[in-house]
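Nothing in this text is a laboratory measurement; each read-out follows from the coordinates by a stated rule. For clarity, every value in this text was computed on a predicted model and none was experimentally measured. Positions of Cβ are backbone-derived with ideal geometry, glycine not excepted, and every protein chain shown enters the neighbour counts.
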Amino acid sequence: MGKVSIHAAKDLARRKVHETIEKTIIHKRQAELALGQWDFVVFGPSRDKKETVLRVGVAEQAVIQNASLYIAALGDPATVGRPGMISLSELAGGDLAEELADLEIYHVSPLRPITITEKRKGPELSRMRDLSLEEFSDANVAIIETPDQEAWSLSVLKYLHQCDETLADPVISEIRNRMTDTSITFNQPGGCLQ
């Protein structure tokens with residue numbers, strides 16, 4: 001996904017995003033990547049730590065006129081000054097932590113809508129980890145552990161970002177190598193990009 005930018009007016013949302021990204025554990029990556037498809041299993045504890053939620057899903061490449069979309073920015077419309085192209089809640093199918101509900105995606109790289117095909121509730125985290133590794137270790141899926149099951153979509157975005165770093169798109173890599181200023185700020189008068 002290249003450089004991901006996060007702008008949030010609420011310090012709580014900013015801390016939640018940072019904590020989720022930092023504490024996400026990728027236990028296993030896909031052995032073979034299918035063109036335009038990233039299969040994953042993501043699990044994490046509920047806030048009260050009494051149960052763990054496991055989701056089986058897929059991120060599929062969206063294509064516009066046979067060209068991939070790249071680069072990402074996530075922000076709070078109150079800080080940015082205008083709405084994004086899609087809310088993080090919508091991308092995650094409404095299954096999101098309350099403090100992340102106001103964040104919106106302004107640009108995403110590449111655009112890969114996420115579909116959850118199965119959702120299960122299970123035992124405490126260490127037991128769910130063992131069960132997940134046992135059940136999915138032979139499958140061609142990534143196994144991702146999130147620190148909070150309500151922030152699972154951020155953990156999946158971290159995995160997708162790492163896939164892009166490892167298997168970089170040659171066209172986008174060339175563009176990034178030629179850019180002198182890769183910073184973008186949304187805090188300009190009238191909502192202009194810098």
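So if each residue of separation counts as 0.36 nm, and I subtract the Cα-Cα distance between Thr79 and Asp138, what length gain in nm does that give?
Using 0.36 nm per residue and subtracting the Cα-Cα distance, I get 16.8 nm.
What GluC sites (Glu not before Pro) does the range 117-166 have in DSSP loop regions with at most 13 other beta carbons within 10 Å?
Details: sites: Glu118, Glu124, Glu134, Glu135, Glu145, Glu150, Glu165; in loops: Glu124.
Of the GluC sites (Glu not before Pro), the ones in loops of the range 117-166 whose Cβ has at most 13 other Cβ atoms within 10 Å are Glu124.
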Would you tally the net charge around Arg120, using a Cβ to Cβ cut-off of less than 11 Å, leaving Arg120 out, and scoring K and R as +1, D and E as -1?
0
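Residue separation times 0.36 nm, minus the C-alpha to C-alpha distance between Thr115 and Gln162: what's the value? Let's see the in-between values first.
Numbers: separation 47, 0.36 × 47 = 16.92 nm, distance 1.92 nm.
Extra length available between Thr115 and Gln162 comes to 15.0 nm.
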In order over the range 150-158: 3J(HN,Hα) from phi, Karplus 6.51/-1.76/1.60, θ = phi - 60°, whole Hz, x for each Gly or Pro, gives 6, 10, 4, 5, 5, 5, 5, 4, 4
Once you have the Cα-Cα distance between Glu22 and Lys50, take 0.36 nm times their residue separation minus that, and quote the gain in nm to one decimal.
7.8 nm
